[in-house]
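Just so you know, all these numbers are worked out from the coordinates, no wet-lab data involved. Note that the structure is a prediction, hence the values are computed from the model and not measured. In this analysis, Cβ positions are derived from the backbone assuming ideal geometry, glycine residues included, and neighbour counts consider all displayed protein chains.
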């Protein structure tokens with residue numbers, strides 16, 4: 001009888017190990033950044049609830065009239081079609097240390113372009129956080145980058161050593177790690193940020209003077225996210241340090257008009273316009 005019980009237990013043990021392994025593997029896959037990104041996109045398409053969005057200040061015809069020369073010029077062009085899109089942003093309720101004081105505010109982080117919006121009146125944004133999201137930058141990477149940013153993006157190794165108060169061999173490892181991720185470049189004893197016109201040394205707060213409203217999803221289309229909530233929250237914590245705390249988060253949207261201009265040759269030129277500021281959204285590859 002005892003032998004039979006031992007035999008039965010020994011058969012159950014491998015099955016238990018398999019179940020645990022499958023459960024652990026399933027949990028890891030579901031929470032991994034890649035699957036989280038895919039999961040967000042799937043949920044996005046099945047979610048038809050009302051969305052929370054910044055309230056549009058301009059209508060498509062107002063933007064067209066204000067920028068008619070730019071859109072059609074003197075050529076025989078016509079407004080072919082307009083469409084409303086909603087770009088996703090993560091709104092973080094945060095608190096952080098500013099010198100000796102605790103500050104509280106909100107942080108609006110783009111889930112498509114990967115940058116922080118600093119002021120919704122002008123739609124001023126950071127530059128460099130998208131690269132940090134792509135390479136999963138660490139706290140040590142941000143220590144090096146922020147030290148460089150405090151010197152207009154370039155500094156000697158000796159100055160970095162003074163700023164960061166690190167041993168030279170430790171600093172060399174941090175610089176090399178950041179260099180391998182494409183965040184910095186080194187030329188002899190000089191190290192510099194590997195971004196054009198970087199803007200990463202910022203206060204973690206967005207100035208918002210506009211109201212959010214709820215709108216049904218029957219008059220527009222959601223733009224797919226490029227970065228998940230978990231990716232952004234992780235990089236925010238890495239970027240702003242131990243005294244930066246996220247109290248809550250939610251997804252909100254920016255209304256954007258897509259204007260299609262029909263050219264004389266039959267081709268269509270599309271441009272996108274921020275419905276809040278009335279300004280054209282310039283793709284990063286066209287930025288100067």
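How much FRET efficiency would the formula 1/(1 + (r/R0)^6) give for residue 162 and residue 242, where r is the Cβ-Cβ distance and R0 is 35 Å, rounded to 0.05?
0.95
Taking neighbour Cβ counts within 10 Å as the exposure measure, how do 214, 257, 58 sort from fewest upward? Please list the in-between numbers first.
Working: 214 9, 257 24, 58 18.
Arranged by neighbour count, lowest to highest, 214, 257, 58 become 214, 58, 257.
Sorted by packing (mean other beta-carbon atoms within 10 Å per residue), highest first, where do 135-145, 155-165 land? Don't skip to the end; give the middle numbers.
Working: 135-145: 19.1, 155-165: 15.4.
Top to bottom by mean Cβ count within 10 Å: 135-145, 155-165.
Measuring from label point to label point, each 7 Å out along Cα→Cβ, what is the residue 68 to residue 210 span in nm?
With each label placed 7 Å out from Cα toward Cβ, I get 2.5 nm.
Extending each Cα 7 Å along its Cβ direction at residue 101 and residue 84, get the distance between those two points in nm, one decimal.
That separation, rounded to one decimal, is 4.0 nm.
What is the calculated FRET efficiency for residue 50 to residue 124, with r their C-beta to C-beta distance and R₀ = 45 Å, to the nearest 0.05?
0.95
Output the Cα-based Rg and Dmax of segment 208-288 in Å, rounding Rg to one decimal and Dmax to a whole number.
Considering segment 208-288 through its Cα atoms, Rg and Dmax are 17.5, 58 Å.
For segment 214-255, what number results from the quotient of the Cα radius of gyration and 2.2 N^0.38 Å?
1.53
How much length would be gained if the chain were fully extended between residue 150 and residue 281, taking 0.36 nm per residue of separation minus their Cα-Cα distance, in nm to one decimal?
So the chain would gain 44.3 nm between residue 150 and residue 281.
Cut-off is 10 Å between beta-carbons; in what order do 194, 151 appear when sorted fewest neighbours first?
Least to most surrounded, the residues fall as 151, 194.
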